[in-house]
Each structure stands twice: as C-alpha cells, then as structure tokens.
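The values are calculated or read from the model by the stated rules, or taken from the named source; none is laboratory data. Keep in mind it's a predicted model, so treat the numbers as computed, not measured. All Cβ positions, glycine included, derive from the backbone under ideal geometry; neighbour counts span all protein chains shown. Please note that ligands, DNA and RNA were not included when accessible areas were found on the heavy atoms of the full protein model with its side chains. Shrake-Rupley method; radii C 1.70, N 1.55, O 1.52, S 1.80 Å.
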Amino acid sequence: MEEINGRMIACQILVAGLIARVANESRDPLKFLTEFRDEIHAVVRQVRIGGSLNTDLVRQIAVQTVDELFSLMKPPSADPDELL
C-alpha cells in the first residue's frame, strides 16, 4: 500500500509541475489557474464513481485533493458551493 501511495504522490507532484509550467507560459497565469481549477472541479462533480458505498465522500476527497494541488500555485476556493 505504501508503494501505491508513493506513486500517487509522485503523480500529483508531476501533474502540479506540468500545470505550473503551462500557467507560467500563459499571459495571465492566475486566470489560467483559476479557469483550469474550475474545469477540474466540474469534471470531479460529473465523473461517475463506481465501487463505493459513499460516493459523496469520495467526491469530496477528490475536490480536496484538487484544491491541495492548486494551493501550491493559488489559494483554494472558499466557496462551499464549489465543493459538490
């Protein structure tokens, strides 16, 4: 299990680095990050989650993970309506 967690953390770091790189090359990095984060939140809200009894909890954790990744580059959203 530790190996899987380590690989997931490595993937998260890689994705955050790629997003930061693209944002730095855009004209307005903050606007890019905001729009991209909002798009990822929309995907998390709409993705079908199977194999779990508590899909709301899985979805909430996914949104928190997205916010953690983006918090390295931009403060997380404060709007509770965006969470679910």
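Structure notes:
- Considering each residue of segment 16-32 in turn, none proves to be under 14 Å from the mean Cα position of the chain (by Cα), open to solvent by 100 Å² or more (accessible area, probe 1.4 Å) and under 16 Å from A62 (Cβ atoms).
- E35 vs. criteria without any contact (Cβ under 8 Å) to a residue 24 or more places away in the chain, closer than 16 Å to T65 by Cβ and of a type in the set (D, E, K, R): no
Residue by residue, here is whether (1) modelled with pLDDT under 85; (2) open to solvent by 80 Å² or more (accessible area, probe 1.4 Å) holds:
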residue: G6; (1), (2): yes, no
residue: I9; (1), (2): yes, yes
residue: E39; (1), (2): no, yes
residue: G51; (1), (2): yes, yes
residue: M73; (1), (2): yes, no
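- Test result for K31, modelled with pLDDT under 90, among the charged types (D, E, K, R) and part of a helix (DSSP H, G or I): yes
- All positions within segment 38-56 that are among the hydroxyl-bearing types (S, T, Y) and either part of a helix (DSSP H, G or I) or in contact (Cβ under 8 Å) with a residue 40 or more places away in the chain (or both): T55
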